[in-house]
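The values are calculated or read from the model by the stated rules, or taken from the named source; none is laboratory data. Just so it is clear, the model here is predicted, and its values are computed rather than measured. Every residue, glycine among them, receives a Cβ derived from its backbone with ideal geometry; neighbour counts consider all protein chains shown.
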Amino acid sequence: MRYLCIGEPLVEFTARRDAPSTFDRRAGGDTLNSAIYLARLSPPGSVGYLSRLGDDAMSIWLRNVMTTEGISDLCSTEAGGRPGLSFISTDARGERSFLYWREQAPARRMFLNGGDARDAVANAGTVLLSGITLAILEPESREQLFRALEQRSGAGGRIVLDTNYRPALWPDVATAQAVIGRAASLASLILPSLDDLAGCFGATDPAAAMNALTSLGGAEIALTTGGGEVMYRPPGQDAIQTYPLPPMVAAVDTTGAGDSFNAGWLVARDAGLPPDRAVALAAQLASVVVTHPGAVIPRDAMPDLGLRISA
């Protein structure tokens, strides 16, 4: 399998802008959003999703979404479990606010007694996880994930980390720094945002953010600064390059912007494109995503990025 995404699938209820008391149901969660866009940009059978769900109607619905999107469902089942829920509202600029119910979600235990989960990691070409993936796992399950990542990295697999820092999911900043830092030291590619690194590591400007990451290892880094550029460091090098982003568009909902950017970047790079073209195409996809409500746009709204990768 080319891409394995690991995380927590959520049932998201998004308030309509024209009727704030009415909510639309969608599948969500950062790595599931990325998995959907990866599947749309890749040949059939390229993408799998690893998590743990329940046996209730919402879990079955999430599995059906994955199947419909061409994602291999690698989620184990916890009897009596129910997936996490989120309620999302947006302001006039498309910026989001969230309410979550996820404390008992089965995804927190996806690696407990999880030989199948470890096998899925061992057989993946690229493993994508996020700071949220790391945050929601119970400590024992998180340690099992790290062991699987260490083995995969040692065997030549590519580990991709989206830093995605959510303070409310961590007991304290020190724990987040230690766990995300450990994952970054194993990663082949890190896809951070400046907001993430400011919140977690206190790196409030792009140069400090790059320094914080480069101190953790020699990974390839593509840092979105929240402005008009992406800062890029090739793997194992010190030189940092800066690539401009296209002009910003008027956003309806920024949910999924980073998740879609990550997918576009990965597929563009795997198609053999240089970093500047990967930035441009990933940003093109993200700029379409933010003009629609919710993280996942309709299939017929997908831009043709002209990307072709082998199965």
**OP:** Tell me, yes or no, whether the stretch 237-245 has at least one residue that is of a type outside the set (D, E, K, R), in contact (Cβ under 8 Å) with a residue 60 or more places away in the chain and outside any loop (DSSP other than H, G, I, E, B).
**Re:** no
Original post:
Any chance the stretch 212-229 includes a residue that's more than 15 Å from the chain's Cα centre (by Cα), buried (at least 22 other Cβ atoms within 10 Å of the Cβ), assigned to a helix (DSSP H, G or I) and at pLDDT below 95?
Top reply: yes
Subject >> Complete set of residues in the stretch 168-196 that are in contact with a Pro (Cβ under 9 Å, 6 or more places away or on another chain), surrounded by 16 or more Cβ atoms within 10 Å (Cβ to Cβ) and over 22 Å from residue 150 (Cβ atoms) >> reply: 194
Subject >> Residue check for residue 273: assigned to a loop (DSSP other than H, G, I, E, B) and buried (at least 16 other Cβ atoms within 10 Å of the Cβ) >> reply: yes
**OP:** Give 55, 24 a once-over and let me know the one that is of a type outside the set (S, T, N, Q), more than 16 Å from the chain's Cα centre (by Cα), over 15 Å from residue 260 (Cα atoms) and assigned to a loop (DSSP other than H, G, I, E, B).
**Re:** 55
**OP:** Could you list all residues from the stretch 285-311 that are buried (at least 19 other Cβ atoms within 10 Å of the Cβ) and assigned to a helix (DSSP H, G or I)?
**Re:** 285, 286, 287, 289
Subject >> Any chance residue 18 is under 22 Å from residue 145 (Cβ atoms) and surrounded by fewer than 24 Cβ atoms within 10 Å (Cβ to Cβ) >> reply: no
Subject >> Breaking point among (1) without any contact (Cβ under 8 Å) to a residue 24 or more places away in the chain; (2) buried (at least 24 other Cβ atoms within 10 Å of the Cβ), for residue 261 >> reply: (1)
Original post:
Restricting the search to the stretch 252-266, which residues are modelled with pLDDT of 95 or more and touching a Lys or Arg at 6+ places or on another chain (Cβ under 9 Å)?
Top reply: 263
**OP:** Go through the stretch 52-63 and count every residue that is surrounded by fewer than 19 Cβ atoms within 10 Å (Cβ to Cβ) and either among the small types (Gly, Ala, Ser) or at pLDDT below 95 (or both).
**Re:** 1
**OP:** Hey, can you tell me all the residues within the stretch 119-147 that are closer than 18 Å to residue 31 by Cα, of a type outside the set (Phe, Trp, Tyr) and either modelled with pLDDT under 95 or part of a helix (DSSP H, G or I) (or both)?
**Re:** 120, 121, 131, 132, 133, 134, 135, 136, 141, 142, 145
**OP:** Go through the residues of the stretch 118-141 one by one and say whether even a single one is closer than 16 Å to residue 169 by Cβ and of a type in the set (Lys, Arg).
**Re:** no
Subject >> Residue ID - surrounded by the fewest Cβ atoms within 10 Å (Cβ to Cβ), chosen from residues in the stretch 64-79 that are assigned to a strand (DSSP E or B) and more than 19 Å from the chain's Cα centre (by Cα) >> reply: 77
Original post:
Across the stretch 197-211, which residue is farthest from residue 151 (Cα to Cα) among those that are crowded, with 18+ Cβ neighbours inside 10 Å and aliphatic (A, V, I, L, M)?
Top reply: 203
